[in-house]
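Q: Next up is a structure, given as structure tokens.
The values are calculated or read from the model by the stated rules, or taken from the named source; none is laboratory data. What you are looking at is a predicted structure, and each value in this text was computed from that prediction instead of being measured. For neighbour counting, all protein chains shown are included, and Cβ atoms are generated from backbone atoms with ideal geometry for every residue, glycine included.
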Amino acid sequence: MSTTVFRNGAVFCADAARSVASAVAVRDGVIVAVGGDAEVASIRAGDVVDLHGRLLLPGFVDAHVHPVMGGLERLRCDLSGLATADEYLAAIGGYAAAHPDRAWILGGGWSMSAFPRGCPTAAVLDRTVPDRPVFLPNRDHHSAWVNTPALELAGISADTPDPADGRIERDEHGLPTGTLHEGAMALVERLVPAPAQADFDAGLREAQRHLHSLGVVGWQDALVEVDGPGASVHAAYLRAQREGTLTARVTGALWWDRACPPDGVADQVAALVKLREETARLGGRYDVGTVKVMLDGVAETFTAAMLEPYLDRCGHPTGNRGLSFLDAELAKAVTIALDAAGFQVHFHALGDRAVRDALDAIAAARAANGSSGRRHQLAHLQVVHPDDVPRFRRLGATANLQALWATHEPQMDELTIPFLGDERAARQYPFGDLFRGGATLAMGSDWPVSSPDPLAAVHVAVNRVGYDAPAGTPPLGAHQALPLPVALAAYTAGSAWVSRVDTGTIAVGRPADLVVLDRDPFDGPVGEIGAARVARTYIDGRLVHDER
């Protein structure tokens, strides 16, 4: 038997009582003792880990992430670590020169704040890559930057109408300028060579390695799309599980085709049930008992669904309230059907109208099916009407928070706040209100939209300011900050619960999914939480990351 004892530090258990201990013993991958030196004194350990005053806590679980996409971007033209237009262009040019055999330049991760009005142009990109099509989604994957060869290949011109679920940026003559929003991205994306299965497999391997280095032991993949028997993210998980390389605990949120008409709901649910059953028969660490339903877009492109109109640059109401990819009645019908079939529903709900539609849909499912115990959740929650905050607790709906976004940064200050207005902007990301209202909290990164580092997100959740923000940056709604124990529990126990993975707390009998930090954030000022780093990550008691 393999036994490890962790001692001489602080242990944050992430249980309901927010218990703190100082020693933990693990035998054959399972926690067998939690407490102090007395509780572990009789246990003969093959390995003793001296924490040296550092913090031991449960492994993080990312409740909303796109790991294979993130891994692929790290292996392609990765712009996520850069900040300016010049840096992006230099990286794109360098990547194109290093890969002359690539028919397309693919990757992504640029920030809208680097460009006027958040919209880069094909003309600028043409000077860097004039000879091949380029398709680069931005960091939130709700817009894409393309060059002229890509526009021409797709036949996008002044005469091309905007799709119902998207928008083509145009100049004063109606000519496309090189930025495509939401459904308009598909006009080019459909021509991009589909990744081979080897690409998906490599993306998953890179993502898992990177996430383990950040203390993430499990996750909910927020978009698992399966199109027939070909290459897919789903197949990558199945392969990794079959070959024994999937060390993380994974829940896949199967994609709901939002183009599905009302009379096709039953057939789509039946297909998802079949896929769930086939996956369950294989057993292992990968489950697909959740379905992702995308209700709206994002505020920066004015596609998040709002109860009241966006403002123009002069502060006057426009006629635009954003996009609803499913109308309220169809959202109810879909949720009722998925709930009855035993699925958890994972809503993308960013604007207050989308949040209300999601809560109304959950209420309709409860009325139709009774209190099913399904772990339905709403992700993003940028704007929530105050009347809807207490409904989370009443309906048992989990608030799936992307805490890293709740801070002042150029994209927020230049492309969001002016168009929301003071009243709505003041109640963005109402984490504190949701916590005080009794909502169950989970956390996720939405990587590659933003960094997958849980400690960076926890820092913002507690401070409402990024750790690397310029000095003097004011907090974004300081009254919405969370206490550190609450934030850590959300990113561990809360995310594990809503993702239905068997981890998230430190208790006897639980899997030894553990993280050792390089310090104890509780011992320092809250403004230094983001300085903490992961020293070690364990899954089932086995070391999967060591900083040494």
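Q: Can you list the helices (runs of 4 or more DSSP H) lying wholly within the stretch 381-427 that have 1 or more residues being in the same structural domain as ALA442 (by TED's automatic domain parsing) and among the aromatic types (Phe, Trp, Tyr)?
A: It comes to 391-395, 417-420.
Q: Which condition does LEU204 not pass, out of (1) outside the structural domain of HIS348 (by TED's automatic domain parsing); (2) of a type outside the set (Gly, Ala, Ser); (3) crowded, with 22+ Cβ neighbours inside 10 Å, if it passes all the others?
A: It is condition (1) that LEU204 fails.
Q: Which of the residues belonging to the stretch 102-120 are under 27 Å from the mean Cα position of the chain (by Cα) and either part of a loop (DSSP other than H, G, I, E, B) or more than 30 Å from ILE417 (Cα to Cα) (or both)?
A: TRP104, ILE105, LEU106, GLY109, SER111, PHE115, CYS119, PRO120
Q: Which of the residues belonging to the stretch 467-516 are touching a strand residue (DSSP E or B) at 6+ places or on another chain (Cβ under 9 Å), among the hydroxyl-bearing types (Ser, Thr, Tyr) and under 17 Å from LEU214 (Cα atoms)?
A: Across the stretch 467-516, the qualifying residues are TYR491, THR492, SER495, THR503.
Q: When ALA489 is evaluated against the numbered criteria (1) over 21 Å from TYR286 (Cα atoms); (2) at pLDDT below 95, which criterion, by number, is the only one it fails?
A: (2)
Q: Just to be sure before I move on: is LEU323 part of a helix (DSSP H, G or I) and in contact (Cβ under 8 Å) with a residue 40 or more places away in the chain in the structure I sent?
A: no
Q: Here's a follow-up. Name the residue, out of LEU401, LEU434, that is crowded, with 22+ Cβ neighbours inside 10 Å and under 19 Å from ARG139 (Cα atoms).
A: LEU401
Q: In this structure, is THR251 touching a strand residue (DSSP E or B) at 6+ places or on another chain (Cβ under 6 Å), under 24 Å from PRO133 (Cβ atoms) and not hydrophobic (A, V, I, L, M, F, W, C)?
A: no
Q: For GLY70, state whether it is farther than 17 Å from VAL516 by Cα, surrounded by 14 or more Cβ atoms within 10 Å (Cβ to Cβ) and either modelled with pLDDT under 95 or not assigned by TED's automatic domain parsing to the domain that holds MET294 (or both).
A: Answer is yes for this residue.
Q: On the basis of being within 21 Å of ALA222 (Cα to Cα) and either crowded, with 16+ Cβ neighbours inside 10 Å or of a type in the set (Asp, Glu) (or both), does VAL462 make the cut?
A: So VAL462 fails the test.
Q: Would you mind telling me which numbered condition in (1) surrounded by fewer than 24 Cβ atoms within 10 Å (Cβ to Cβ); (2) in the same structural domain as ALA299 (by TED's automatic domain parsing); (3) touching a residue at least 60 places away in the same chain (Cβ under 8 Å) PRO448 fails?
A: (1)
Q: Would you check which residues across the stretch 471-484 are more than 22 Å from PRO521 (Cβ to Cβ) and free of Cβ contacts under 8 Å to residues at least 12 places away in the same chain and list them?
A: Matches in the stretch 471-484: GLY472 only.
Q: Can you pull out every residue in the stretch 269-316 that is among the polar types (S, T, N, Q) and either under 26 Å from ARG424 (Cβ atoms) or surrounded by fewer than 20 Cβ atoms within 10 Å (Cβ to Cβ) (or both)?
A: Selection gives THR301, THR303.
Q: Among the residues of the stretch 183-198, is any touching a Lys or Arg at 6+ places or on another chain (Cβ under 7 Å) and within 25 Å of ALA259 (Cα to Cα)?
A: So far as the stretch 183-198 goes, yes, one or more of its residues are touching a Lys or Arg at 6+ places or on another chain (Cβ under 7 Å) and within 25 Å of ALA259 (Cα to Cα).
Q: Follow-up question, since we're still on this one. Which residue pairs have Cβ atoms under 7 Å apart, sit 6 or more places apart or on different chains, and have a first residue in the stretch 296-320 that is assigned by TED's automatic domain parsing to the domain that holds LEU180 and farther than 14 Å from ASP165 by Cα and a second that is modelled with pLDDT of 95 or more and crowded, with 22+ Cβ neighbours inside 10 Å?
A: none
Q: If ALA158 passes every condition in (1) under 25 Å from GLN411 (Cβ atoms); (2) free of Cβ contacts under 8 Å to residues at least 24 places away in the same chain; (3) touching a Leu at 6+ places or on another chain (Cβ under 9 Å) but one, which one does it miss?
A: Tallying (1) under 25 Å from GLN411 (Cβ atoms); (2) free of Cβ contacts under 8 Å to residues at least 24 places away in the same chain; (3) touching a Leu at 6+ places or on another chain (Cβ under 9 Å), ALA158 fails exactly one: (1).
Q: Quick check on the stretch 375-387: of everything there that is free of Cβ contacts under 8 Å to residues at least 60 places away in the same chain and surrounded by 23 or more Cβ atoms within 10 Å (Cβ to Cβ), which residue is farthest from TYR491 (Cα to Cα)?
A: VAL384
Q: Among the residues that make up the stretch 488-498, is at least one of them part of a loop (DSSP other than H, G, I, E, B) and out of contact with any His (no Cβ under 6 Å at 6 or more places or on another chain)?
A: No, the stretch 488-498 has no match at all.
Q: Scan the stretch 255-282 residue by residue and report those that are among the polar types (S, T, N, Q) and under 15 Å from MET294 (Cβ atoms).
A: GLN268
Yes/no per residue for (1) buried (at least 24 other Cβ atoms within 10 Å of the Cβ); (2) farther than 24 Å from VAL288 by Cβ:
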| position | (1), (2) |
| --- | --- |
| THR318 | no, yes |
| GLY322 | no, yes |
| GLU329 | no, yes |
| LEU338 | yes, no |
| ALA341 | no, no |
| PHE347 | yes, no |
| ILE362 | yes, no |
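Q: Exactly one condition in (1) farther than 24 Å from ARG285 by Cβ; (2) at pLDDT below 95 is not met by LEU441; state its number.
A: (2)
Q: Can you tell me how many residues within the stretch 339-359 are part of a helix (DSSP H, G or I) and either touching a Ser or Thr at 6+ places or on another chain (Cβ under 9 Å) or small (Gly, Ala, Ser) (or both)?
A: Within the stretch 339-359, residues that are part of a helix (DSSP H, G or I) and either touching a Ser or Thr at 6+ places or on another chain (Cβ under 9 Å) or small (Gly, Ala, Ser) (or both) number 6.
Q: Quick check on this structure: which one of LEU106, LEU75, LEU82 is more than 30 Å from ILE539 (Cβ to Cβ) and in contact (Cβ under 8 Å) with a residue 60 or more places away in the chain?
A: When all the criteria are applied, what remains is LEU106.
Q: Hey, can you tell me all the residues within the stretch 499-519 that are small (Gly, Ala, Ser) and assigned to a loop (DSSP other than H, G, I, E, B)?
A: Those that are small (Gly, Ala, Ser) and assigned to a loop (DSSP other than H, G, I, E, B): GLY504, ALA507, GLY509, ALA512.
Q: Let me ask something else about it. Hey, can you tell me all the residues within the stretch 83-136 that are buried (at least 19 other Cβ atoms within 10 Å of the Cβ), out of contact with any Leu (no Cβ under 7 Å at 6 or more places or on another chain) and either of a type in the set (Gly, Ala, Ser) or over 26 Å from SER157 (Cα atoms) (or both)?
A: Selection gives TYR95, SER111, ALA114.
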